[in-house]
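What follows is a set of notes on a single structure, which appears directly below.
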Amino acid sequence: EQTDDEREFIAVVLFVDEKYDPKNCPVKFVSPNRLIRLYLPDCLKAIGDKASPLTVLKPLMFRDKKKLPEAVPKWKNEIDSLKLSESTEKLLIELLENAILSRFPKLTFKEIQKMIQLTPLDKTVAGQELIQMGIEKGFIDGIEKGIEKGILKGIEKGRIEGLKKGMDKGELIGEIRILQRILKYPQISKTELTQKSSKELRKLLKKLESEL
């Protein structure tokens with residue numbers, strides 16, 4: 001009603017419960033345009049155990065939190081069985097995560113990742129790149145520290161400390177970028193994150209987790 005756009009359309013409103021449907025709609029839909037009202041319980045009942053993109057909304061109707069660790073992998077398998085493109089499947093997994101967080105806000109992102117059985121960060125290409133960046137920076141820091149002391153033992157100790165520090169930072173950076181993507185926040189560059197201290201990274205990660 002607010003534009004002169006004459007393209008045909010169908011508007012779909014999905015209610016999690018029929019009681020939220022006000023029934024009367026002030027907007028007039030002139031054919032072939034139309035409004036479709038649907039109720040999530042009915043939709044999920046209709047698909048039953050069949051794999052469907054609607055699987056991502058199943059958490060919204062889930063009641064028993066204790067059975068969640070059993071249900072989540074099943075939902076993930078349903079999405080996998082759709083044989084969609086990598087980008088589409090990735091989007092559906094993110095929607096599934098958001099639905100779980102919406103239904104059970106006290107869960108942490110790590111708990112959900114574990115239930116979904118996502119590939120561990122250090123096993124993904126992006127995660128390995130981030131960790132490698134941390135290792136390289138940590139290695140250089142360690143060597144420099146050892147050289148300053150002028151002792152071979154100091155170099156070795158600094159190298160080990162640098163490696164550990166680098167891996168820790170790499171994992172923190174990876175988790176921060178994943179949460180920023182889920183929350184649809186602008187992504188901070190890897191370079192900028194690498195320049196932050198571990199303490200700053202942990203503080204940023206904790207802030208993002210609280211906003212989920």
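The values are calculated or read from the model by the stated rules, or taken from the named source; none is laboratory data. The structure displayed is predicted, hence computed values, not measured ones. All Cβ positions, even for glycine, are placed from backbone atoms using ideal geometry, and neighbour counts span all protein chains on display. For accessibility, only protein heavy atoms count, side chains too; no ligands or nucleic acids. Shrake-Rupley method; radii C 1.70, N 1.55, O 1.52, S 1.80 Å.
Quick one: with all protein chains in place, what share of the accessible area of the stretch 1-42 is carbon or sulfur, to the nearest percent (1.4 Å probe)? The nonpolar share, carbon plus sulfur, comes to 51 percent. Peptides 203-210, 169-176, 16-23 ranked from most to least packed give 169-176, 203-210, 16-23, packing being the mean of other C-beta atoms within 10 angstrom over each peptide's residues. Looking at the stretch 31-83, which trypsin sites (Lys or Arg not before Pro) are in a loop (DSSP not H, G, I, E or B) and have at most 10 other Cβ atoms within 10 Å? Here the sparse-neighbourhood loop sites are 50, 63, 83.
Computed from the Cβ-Cβ distance with R0 of 22 Å, the FRET efficiency linking residue 110 to residue 64 stands at 0.55. With 0.36 nm allotted per residue and the present C-alpha distance subtracted, the residue 94-residue 195 stretch has 33.5 nm of extension available.
Using the Cβ-Cβ distance between residue 102 and residue 187 with R0 set to 25 Å, the FRET efficiency from 1/(1 + (r/R0)^6) comes to roughly 0.65.
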